[in-house]
1. Here are some residues: P265, P186. Which one is under 22 Å from A109 (Cβ atoms), modelled with pLDDT of 95 or more and outside any loop (DSSP other than H, G, I, E, B)?
2. Can you find a residue that is in a strand (DSSP E or B), more than 22 Å from T183 (Cβ to Cβ) and over 24 Å from the mean Cα position of the chain (by Cα) anywhere in the range 41-59?
3. Within the range 191-217, which residues are closer than 20 Å to G254 by Cα and either hydrophobic (A, V, I, L, M, F, W, C) or modelled with pLDDT under 95 (or both)?
4. Looking only at the range 223-261, how many residues end up being part of a loop (DSSP other than H, G, I, E, B) and either surrounded by fewer than 22 Cβ atoms within 10 Å (Cβ to Cβ) or of a type outside the set (A, V, I, L, M, F, W, C) (or both)?
5. Can you tell me which residue among E99, E63, E121, E131 is modelled with pLDDT under 95 and acidic (D, E)?
6. Suppose we filter P100, P108, P65 for residues that are touching a residue at least 40 places away in the same chain (Cβ under 8 Å) and outside the structural domain of A206 (by TED's automatic domain parsing); which single one remains?
7. Does L263 qualify as being within 29 Å of Q147 (Cα to Cα), of a type in the set (A, V, I, L, M) and in contact (Cβ under 8 Å) with a residue 40 or more places away in the chain?
8. Could you count how many residues in the range 1-30 are of a type outside the set (K, R), in contact (Cβ under 8 Å) with a residue 24 or more places away in the chain and in a loop (DSSP other than H, G, I, E, B)?
Amino acid sequence: MHLATISTPAGPTVIAKRSDGRFVPLPTGQDSIPATLQAILETWDTCRQAIETVVETAQPLDEPPQQWCPPIPTPEKILCIGLNYADHARETGAALPTEPVVFSKLAPALTGHEQPIELPEVSDQVDYEAELVVVIGRGGRHIPPDQAWEHVGGLTCGHDVSARDWQKLKSGGQWLLGKSFDTFAPVGPFVVTADECCPPLELDIALRLNGQVMQQSNTRNLIFSVADLIAHLSQVTTLHSGDLIFTGTPPGVGCARVPPRFLQPGDVAEVEIEGIGVLRNPVVQGTRRGVG
């Protein structure tokens, strides 16, 4: 099932997408349906039937949503994997990793579908990266690879926006900061529940910039599978419901092009993953904002 979180006058609302393309708001917090999408994914086996009944019988929205939130607005962790497509590693001149390259993004980087990516004044090398994102359903620690999919709540589209001059040229390499400017982690619009996207994953993934295809691959080309990543990460940190795992980007990034192609104000970036949807974000010039 395709599930999303939207903003309404009453607050964040979980919606489901019907087979006819229309959207049904879920009566969260009642009728055996948990209050948030995070809680729904954690208890999917027990609340699935109630949600399916609502989707079949409830009145859909008159108009498509206008204000999309990140599907999981407040994840505990945003974990990211670098160099997880062999051809992307080669295009950046990096050696193929023998174990996952892991970094993270700070929470304010998270944003939703149709929300602007803001270019910071302190960077002029902001790059694009289409990624499949795993949403953890049931948490755990020391999860064996053969049990990893039992902990997947669903999959969604993600965009790992990256300030390359901070990531690569600052003293020591500033991966965390270069990846964590506000709005540098668009996610959504939908989470597709795990029962609809079980392995083997062979999903086409692409990024378009102003309609031009810049990245194109298939998730079968991941060096480390979703199961590998969950097992690897969970030996270090307890995974919790709603945690996001960005699984890496395919080749075609802007910094590897000749000449380089970085994001500019007025661009529109689209991440499309087969069977999941299209994550679209306009690009704007950010401005300095004071506190308060």
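The values are calculated or read from the model by the stated rules, or taken from the named source; none is laboratory data. Since the structure is predicted, the reported quantities are computational estimates derived from the model, not experimental observations. With ideal geometry, Cβ positions are generated from the backbone for all residues, glycine too; neighbour counts draw on all protein chains shown.
1. P186
2. no
3. Those that are closer than 20 Å to G254 by Cα and either hydrophobic (A, V, I, L, M, F, W, C) or modelled with pLDDT under 95 (or both): I205, A206, L207, L209, V213, M214.
4. Count: 22.
5. Result of the check over E99, E63, E121, E131: E63.
6. Among P100, P108, P65, only P65 is touching a residue at least 40 places away in the same chain (Cβ under 8 Å) and outside the structural domain of A206 (by TED's automatic domain parsing).
7. Answer is no for this residue.
8. Number of matching residues: 3.
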